[in-house]
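For reference, the structure discussed in these notes is given below.
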Amino acid sequence: MNENNNNKIGSLFREFGDLYRAAHPLPLAQHKAMRAIERCRTADLGGHVDCCDRCGYERISYNSCRNRHCPNCQSLARERWLLDRQRELLPIAYFHIVFTIPDELNPIALVNQRPVYDLLFQAASETLLTLGRDPGHVGGQLGIIAVLHTWGQNLMDHPHLHCIVTGGGLSDDGQRWLSPRKMTPGKDFFIHVNVISDLFKKKFLAYLKQRYQTGEFKWVGRIRYLKEKAAFHQLLTQLYAKKWVTYCKKPFGGPEQVLRYLGRYTHRVAISNHRIVNIADGKVTFKWRDYRDSNKTKLMTLDVFEFIRRFLLHILPARYYKIRYYGLLANRLRSARLNRCREILPFSQPPAAAKSERLCWEDVLLELCGLDIRKCPKCRTGRMVRKALLLCSAGVPP
């Protein structure tokens, strides 16, 4: 296998995918994601030939799979999304809050992805919105962007939410921008982390108990014993007694720093190609950061089947939204609320016209990255123009 190519995971799936699927029947979502990554930027999906109008240099480009779990296909989606978010940033402080559930809940989440992830979104967002409306903290409506991650650096299951939160909120009557009551320079957040963690724990476990009673969860495999009410209530007692981890990072330096952060986190997949160091002899070696050992970068080597298994743990259910918006940023009234905030806040600028949907991918790369993909890479003066289309290798669309 060529280990130096830019699609190491795709190459790995193409070599070992059939063997893995023969040994491990997969849910439909995992099967589709795996097949898409295998075919990404290969002749299977077709492509096009571009030719320089000056020197005649030709370049073949194969189509991307556009699957949201593919490490090759997130750049354009991320840049389009960032263009839209750039228009929505206000001249205020923004904060970063991370909500994590205890390890004891991970086996339940693996079997019940959609309901547990929904609980995580619901409990975290309600915690922040409830505390934000408390006059002792803000007394108004916060704005929240919540991004779901399901992995740790070692690719094991680790569901958690990254939340970007406005440093203040809009009053209920829409007439005032309310700053935090206890805001101090350099403070991690205007609500103490223990207050956030305690309310988040209570809300999550209350909803967990509620959904257990409605029979929404599946209790199979290693969690089969939790189908018994006594065992489930014993687990709840342990979780109530445990301290839950909620992490508050220092405030961002400004809207530009918020965008740079969002670009790193929103469209991330479980592992990127550049973290894979070696694929040989049925083993995969990749870089990972050990947060329990001073954040040191280490190498981990896994059997290729174990690597694939861990990667597939993080394939989300079909049509599941991993980025959600709450409060001021809720989709329904977002534009009206943000316009009102700009009218109230000093130093606000009117939003730029929406253009991400009008721009083709070449223009998006040029505007945000300064990369002119149309310039000939050989002579550096000519322009690459479309010469021919390449059909899918199977002769039909993917």
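Structure summary
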quantity	calculated
Where labels lie 7 Å past Cα in the beta-carbon direction, separation of residue 264 and residue 294 in nm	2.1 nm
Given charges at beta-carbon only (K, R positive; D, E negative), |dipole| of the chain in Debye	180 debye
More than 27 angstrom apart: percent of Cα pairs within segment 1-126	47 percent
Coarse-grained scattering of segment 190-273 at q = 0.20 Å⁻¹, given as base-10 log I(q)/I(0) from a Debye sum over alpha-carbon atoms	-0.98
Of every Cα-Cα pair in segment 44-197, the percent that sits beyond 24 Å	53 percent
When the convex hull of its Cα atoms is projected in every direction, mean area for segment 78-119 (nm²)	4.8 nm²
Segments 143-153, 220-230, 200-210 sorted - mean Cβ within 10 Å per residue, highest first	143-153, 200-210, 220-230
17 Å tail of the calculated P(r), segment 218-323, as % of Cα pairs	75 percent
Gained length - residue 238 relative to residue 198, 0.36 nm times residue gap less alpha-carbon distance	13.0 nm
Alpha-carbon centroid distance for the pair segment 283-325 / segment 19-70, whole angstrom	21 Å
Approximate spin-label separation residue 211-residue 172, in nm, with each point projected 7 Å along Cα-to-Cβ	3.0 nm
Pair residue 26, residue 385: separation of 7 Å Cα→Cβ label points (nm)	4.2 nm
Percentage relative contact order, segment 156-290, counting C-alpha pairs under 8 Å, at least six apart	19 percent
Top positive-direction residue, dipole computed over segment 1-143 with Cβ charges, set 111, 27, 47	47
Protein accessible area in segment 1-78, 1.4 Å probe - carbon and sulfur %	45 percent
Residues in segment 137-151 reached by a label modelled at residue 68 [backbone nitrogen below 15 Å; 7 Å Cα→Cβ]	146-151
Per residue accessible area in Å² of segment 83-225, where ligands, DNA and RNA are left out and the probe is 1.4 Å	38 Å²
Magnitude of the charge dipole, segment 85-184, Cβ model with Lys/Arg +1 and Asp/Glu -1, debye to 20	400 debye
Cα-based convex hull, segment 25-85, per residue volume (Å³, whole number)	108 Å³
Cβ-based charge dipole, segment 34-143, positive-most Cα from 95, 135, 65	65
Charge context of residue 198, other residues only, Cβ under 15 angstrom, K/R +1, D/E -1	+3
Unit charges on C-beta of K, R, D, E only; dipole of segment 1-109, Debye	240 debye
Net length gained if the chain between residue 335 and residue 58 were fully extended (0.36 nm per residue, minus Cα distance)	95.2 nm
Packing-based ranking, highest mean first, of 154-163, 52-61 given that Cβ atoms within 10 Å are counted	154-163, 52-61
Förster radius 45 Å - calculated FRET efficiency between residue 301 and residue 130, Cβ distance, rounded to 0.05	0.50
Phi-based couplings in Hz for segment 65-81 (Karplus 6.51, -1.76, 1.60; Gly and Pro marked x)	7, 6, 6, 5, 9, 7, x, 8, 10, 9, 4, 5, 4, 5, 5, 5, 5
The chain: calculated mean residue ellipticity at 222 nm from DSSP helix runs of at least 4, using -39500 (n - 2.57)	-11000 deg cm²/dmol
Leading residue at positive end of dipole, the chain (Cβ point charges), from 122, 244, 294	122
Whole-number accessible area per residue in Å² for segment 29-79, which is evaluated in the context of all protein chains at 1.4 Å	48 Å²
Two-decimal ratio, the chain, of alpha-carbon radius of gyration to 2.2 N^0.38 Å	1.11
Length-normalised contact order of the chain in % [C-alpha pairs under 8 Å, at least 6 apart]	27 percent
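The values are calculated or read from the model by the stated rules, or taken from the named source; none is laboratory data. Computed from a prediction, not measured in an experiment: that's the story for all the values here. Cβ: placed from backbone, ideal geometry, glycine included. Neighbour counts: every protein chain shown. Side chains are part of the model used for accessible areas, which takes the heavy atoms of the whole protein and leaves out ligands, DNA and RNA. Shrake-Rupley method; radii C 1.70, N 1.55, O 1.52, S 1.80 Å.
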